Amino acid sequence: MLGGSQSSSALGLVVADAVGAGSRARTSAIVIPMADRTFAKFSFFKVDPAWRRRDPELRAADKQEFLAACEDYAVDRSLRAYSTIGTRGDVDLVLLTQSPNLDDIHTFHVVLGQSGLAKWASTPYSFLSMTKRSPYSAEDARPEICTSERKYLFLYPMVKQRRWYGLAPEERGRIMKSHIEVGRRYPEITINTTYSYGIDDQEFVVGFEGDDPGEFLDLVNELRPTESSEYTELETPIFTCVSMSVAKALDALDGTPSAVGTGAPALG
Amino acid sequence: MLGGSQSSSALGLVVADAVGAGSRARTSAIVIPMADRTFAKFSFFKVDPAWRRRDPELRAADKQEFLAACEDYAVDRSLRAYSTIGTRGDVDLVLLTQSPNLDDIHTFHVVLGQSGLAKWASTPYSFLSMTKRSPYSAEDARPEICTSERKYLFLYPMVKQRRWYGLAPEERGRIMKSHIEVGRRYPEITINTTYSYGIDDQEFVVGFEGDDPGEFLDLVNELRPTESSEYTELETPIFTCVSMSVAKALDALDGTPSAVGTGAPALG
Amino acid sequence: MLGGSQSSSALGLVVADAVGAGSRARTSAIVIPMADRTFAKFSFFKVDPAWRRRDPELRAADKQEFLAACEDYAVDRSLRAYSTIGTRGDVDLVLLTQSPNLDDIHTFHVVLGQSGLAKWASTPYSFLSMTKRSPYSAEDARPEICTSERKYLFLYPMVKQRRWYGLAPEERGRIMKSHIEVGRRYPEITINTTYSYGIDDQEFVVGFEGDDPGEFLDLVNELRPTESSEYTELETPIFTCVSMSVAKALDALDGTPSAVGTGAPALG
Amino acid sequence: MLGGSQSSSALGLVVADAVGAGSRARTSAIVIPMADRTFAKFSFFKVDPAWRRRDPELRAADKQEFLAACEDYAVDRSLRAYSTIGTRGDVDLVLLTQSPNLDDIHTFHVVLGQSGLAKWASTPYSFLSMTKRSPYSAEDARPEICTSERKYLFLYPMVKQRRWYGLAPEERGRIMKSHIEVGRRYPEITINTTYSYGIDDQEFVVGFEGDDPGEFLDLVNELRPTESSEYTELETPIFTCVSMSVAKALDALDGTPSAVGTGAPALG
Amino acid sequence: MLGGSQSSSALGLVVADAVGAGSRARTSAIVIPMADRTFAKFSFFKVDPAWRRRDPELRAADKQEFLAACEDYAVDRSLRAYSTIGTRGDVDLVLLTQSPNLDDIHTFHVVLGQSGLAKWASTPYSFLSMTKRSPYSAEDARPEICTSERKYLFLYPMVKQRRWYGLAPEERGRIMKSHIEVGRRYPEITINTTYSYGIDDQEFVVGFEGDDPGEFLDLVNELRPTESSEYTELETPIFTCVSMSVAKALDALDGTPSAVGTGAPALG
């Protein structure tokens, strides 16, 4: 499903760590079944300026191949696209692909790599992450993220300072509580936190969905004085991503509609 | 409007943070209407040396397309251009585009990307920011920045140390006051601060407009011993930008006037 | 042997340092014979997007030459291949070559450099390391690492903070003990630690083999609150590597099977 | 004037900051007239290896155009050239241009950008700075720097730790005094300090002129234990620049004399 | 002389600083004559993958020109070559050139730059340094370094923390003593320390020569708990360099012998 309307509640903001991990009565290799956990892969593309010098028909074909790979994946799995043209200088296009199966994501990127556009693009960033049950919430791990219809996704990798993990679980819970309370005042902003411990460079990938960048800017400003903010080690780069169909995000690359792209409602 | 003469007062210098954010009586999703807030997008271009090896007519056409996109945008929105040739090695040209609507800025960069020059340029830096009411001033958010006719813009991204946000609001106000007082001694220098919390890597984009780089250098030197300076985490890279029309900034790229550029008074 | 079935026990997790080094009664140049120590060289390849634009037959030949070099090496030495397509943006293919003789590894890379594929690839990362007896275990240095049949290898370089080495050996032993205990709860995950002191930038290369990325993510999360975690200086970049034969890893580069690759059971 | 013989005394070493800035009785926009202040622009060029593959006649023409731009500038302004071939890997050629007028420097770089050589070169570093009256000396700001006939220029950007600026002016004066005394023992080494506060990334550009790199190495070694050294935040990269005429520095790029270069005594 | 057999004793390990510099009775510009001091220049080359796509005859000619420049230099000066193929990903070939005269080294690199190979190579690293009398030894400055016949050179730049230089000379001497004692237990490993204060980015270039990487790894591991290790600011990147003749190091680049290289015993 691409850009489905399934809503996600703004239960918490950055839900970081391992509260209770030490006290969990785990003695051997019993892995908690988590059928609902999903991989969330953020792929960032920057198009070679030389690609823009190609003939329009070649560019249209290049985009069409890229689009076809996306459409194929999205038949029964989640794929979202975002443009960062005008908001970032180092990235043009962001894809978010989700699956409970990492092989799916590997295979999709193999296929995508054969498309014409991928032959003229680099991937300056890449975030691999998974959903996971939050220690600050009673909810299960989310089976899918970024399902809202908001116009923007504000996306960044996050690493907590190591001293954060040395705090007692109750202390971490207390600190997160005031953090979460600030977020509750902004119900129009939806949070999507996924986890990358040990599978990618960051600890979390944090994505906020909203319609008003100014509102989100104010929220982040309000969070600065909260105690949890002092435990942040890294939270850049920050990507302001404009949500749109794959076809539109591709057309934004060279300003011209691809042959079939704009007429593909299934992808937007 | 490009390079209009609307003056802006030098009320404060770096006006950083969220004083009073915690005490603001805000209980739910009530967003303060801020019709006047504007997005300010700084786009930095570095031309591929290979572009300079193209035929003069091709270069002229490349520049003309870039100029046309700028002129079109500037019909009813603010666009400023600056050259950094001779002041930086990693950037040649800076565009500042403003709009209360982020879609405008996205669309402009889509169009710009189709111009010949963009096909031979990289964008080593990019700052997305918004205006915002300063916690140290009674003024509203500015609807437009960088409106002076000064010759230079001294531009840099800024991040405050996190401990700054842990200070009490009155303490932050006290510290900013002496900072602002130094700035008041330099009335010929105009400050333009915009905010990037959560929408780009930096927290602020700070731009000083002035006619005399030596005077600005002395101001910054005087600010070093002020208390607020100790809370700076990052304030580089610093760009000394020479203000000029888009046409002139383009002609500085290869030292030759484009076909129509120099005769376009509306752009500069 | 390529991808042999020799199992390796999960004795410890990150086994870092020099416990007892100071107290070892070593007075002159007596080098402990360590015939079993092996070099482990991790080579990371990123294919130039331009390679994907080459004709299919040329690409097949390029891959075939690369494969032949690997097959030749693997006749009597250990060589493993991994794909990072879909998990990383900066790397496509990882080779792990092992030998007790560094000349072997040098010569292999000379030969590999002549293959068609190497002429279109860069090597953004490279880790040279050796096995070594762990100060926290009674076992000898392992003669070979990464011998499991697990689906994934989670790989990263590690550097400890210098203050770690200032602790007394017993203190380091005590801290590592609780670290190791967490690892014991995950018997399905196998650890492979090699050492790079003085021969490459990192101090250790740590590789975890497992079938379930979610399980490994949970393990790393559980390790965050352990005391040993506070002594980590660096443990990125982290590579989630999909284990497969060389032929399959090569075919993942352009999505097409090479002429002989897929039929080469000896390689994986 | 290029490489004139005007001597400059070795009054002090690194003369860093704003002693007395706070106490200066300055109440409004009164700018101290400093007709003698000059801009000093250091431009660093790295030639594309592909340029060395061009035909000798084309290379000679490329260099000749670059040389002509320099000669034109140097008719009535200061321009110095240095080669870093054999001393650095990331830079081949350094130009120092000076003028009391920043427009001069902008225009010169526009012209230089049109030369053949600039079409095959990148500019990995760039330092913009100004002369300024030192707080530790009674002398006026120098109207020109790097005027000696010494064989080498040892050049680096410098940033002081912020806590330096929090010291009382007398304390800073005391610390600088012992620093300066070490420098006085090396009268054959001439110091040239310029300032970049707010106009470029560094705070200072420091250039030492001398004939004996070993002597300078010993001086820097002697300075390490001085108190002022503890306040250094950054002082790399360090460039050992070989002083020579523009023509010779150009000829060092490809080892062949350009048509007219070597016979141009006015340039070196 | 290339790879001469002159032995160098393993007197000390990293001999860092300026003990006694403050107390040296030096009142004016009296420079201690040091005729024996030599410049040691480490140049690191990475070959463009495109070079490997050139015709074999062209590659042979490219290498031959490079070799000829080296042979010419080595007639009466020291030149050593090392291959890093298989040990590093960012460097292929390292040259160490020595001379008491920096002009020699500049001129050699001008000539080398004209060789075919240099037209297809980049220089990702470069270390300029000099020999110097050690404050921890009674020996004079060495007139030449890296003169052993060992198989490997372990090479890295080093910077000490500034607080090191604030210690009293006796204290530094005491700390270095236990450091040196560890080194004495490894008489098969030879140390070569040169100095870069003020002439390049690092403070030292440290090179250990040995036949057994595992032995060196153990030595570095043993040094970690020594007190001196706590004062290290930087000691990466670390290069494991395989010592060989220039001709062999060149042939390792493309796996094919150059026309005359292998038969040149004078070079290796």
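How many angstrom separate the Cα center of region D:149-218 from the Cα center of region C:174-247?
46 Å
Using a cut-off of 12 Å between beta-carbons, work out the net charge of the residues near C:LYS177 (Lys and Arg +1, Asp and Glu -1, C:LYS177 not included).
Summing Lys and Arg as +1 and Asp and Glu as -1 gives -1.
What list of ³J(HN,Hα) couplings, whole Hz, do you get for region B:65-75 from phi and the Karplus terms 6.51, -1.76, 1.60, once you set θ to phi - 60° and write x for glycine and proline?
5, 5, 5, 4, 4, 5, 4, 5, 5, 6, 4
Could you compute the net charge surrounding B:ALA60? Neighbours are other residues with a C-beta less than 11 Å from the C-beta of B:ALA60; K and R count +1, D and E count -1.
-3
Could you sort out which of A:LYS46/B:LYS41; D:LYS46/D:LYS151; A:LYS248/B:LYS119; A:LYS46/C:LYS41; D:LYS119/D:LYS248; C:LYS46/E:LYS160 sit more than 28 Å apart by Cα distance in this structure?
The answer is A:LYS46/C:LYS41; C:LYS46/E:LYS160.
Rank the residues B:TYR195, C:TYR165 as a footprinting-exposure proxy: fewest other Cβ atoms within 10 Å of their Cβ go first.
Going from sparsest to densest Cβ surroundings: C:TYR165, B:TYR195.
Quick check: pseudo-label points 7 Å beyond the Cα along Cα→Cβ at E:ALA50 and E:GLU233, how many nm apart are they?
3.9 nm
By count of other Cβ within 10 Å, fewest leading, how are E:ASP55, D:ASP92 ordered?
Taking fewest neighbouring Cβ atoms as first place, the list is E:ASP55, D:ASP92.
Given R₀ = 25 Å, FRET efficiency for A:ASP76-A:ASP36 by Cβ-Cβ distance, to 0.05?
0.95
Identify, for chain D, the residue whose C-beta comes nearest the rotation axis onto chain A, and round that distance to whole Å.
D:ALA50, 8
Can you list the HN-Hα couplings for region E:36-42, worked out from phi with the Karplus curve (6.51, -1.76, 1.60; θ = phi - 60°), rounded to whole Hz and with x for Gly and Pro?
So the J values, rounded to whole Hz, are 7, 4, 10, 7, 10, 10, 9.
Every number in this text was worked out from the coordinates using simple rules, so none of it is lab data. Please read these numbers as outputs of a predicted model, since none were measured by experiment. So basically every Cβ, Gly included, is an ideal-geometry build from the backbone, and we count neighbours across all protein chains shown.
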